[in-house]
Amino acid sequence: FDSFTPFASHVSSFYLRYIYFTDDDMKRLSSCTSLMFVDAGNTRVTDRGASYLAKIVSLDYLFLWSTCVTDDIVVAIGNMTWLRMLDVSNTRVSSTAFDALRVRFPDCLVSHSEYGQFFRGFSGNAALNEFANSDALCDAPAPS
């Protein structure tokens with residue numbers, strides 16, 4: 001990420017799944033003010049790492065499946081009411097915290113492989129709607 005800094009404002013998507021990616025890396029990623037999509041699935045990101053993205057209002061899609069996030073994610077990203085999709089499948093997020101996320105993000109698809117998907121008032125495109133109503137989100141591998 002050190003040589004990446006001059007381009008940070010132009011990056012809109014990051015696919016980080018299955019790599020050694022930590023909270024410190026997520027902090028560097030937070031300099032990307034135009035981010036729209038982050039898939040940090042199956043990484044070492046925790047609630048603290050996710051909180052670094054909480055001020056990026058362009059971020060619509062946040063995938064934290066098979067990470068180290070816990071119930072504290074509700075507070076860590078709780079102000080991100082602009083999110084359109086959040087996946088916390090295969091994490092330590094309890095059903096109580098999942099319900100809290102659903103309430104806090106009323107226009108967001110919030111998904112958890114054990115507790116289901118919550119999808120209310122979403123006005124996304126047809127392809128995203130099809131994905132949101134499929135079983136694709138439930139097929140994420142268990143953390144290793």
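The values are calculated or read from the model by the stated rules, or taken from the named source; none is laboratory data. Small disclaimer: the values here were computed from a predicted structure and weren't measured. With ideal geometry, Cβ positions are generated from the backbone for all residues, glycine too; neighbour counts draw on all protein chains shown. Each accessible area value is taken on the protein alone, full model and side chains, heavy atoms only, with ligands, DNA and RNA left out. Shrake-Rupley method; radii C 1.70, N 1.55, O 1.52, S 1.80 Å.
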**Prompt:** Any idea how far apart Trp82 and Ile19 come out in nm if each label point goes 7 Å out from Cα toward Cβ?
**Reply:** 2.5 nm
**Request:** Provide the gained length on full extension for the span Val11 to Ser31, in nm with one decimal, where the gain is 0.36 nm per separating residue minus the Cα-Cα distance.
**Result:** 6.2 nm
**Fill in**
Heavy-atom accessible area with a 1.4 angstrom probe orders Phe37, Phe63, most exposed first, as Phe37, Phe63
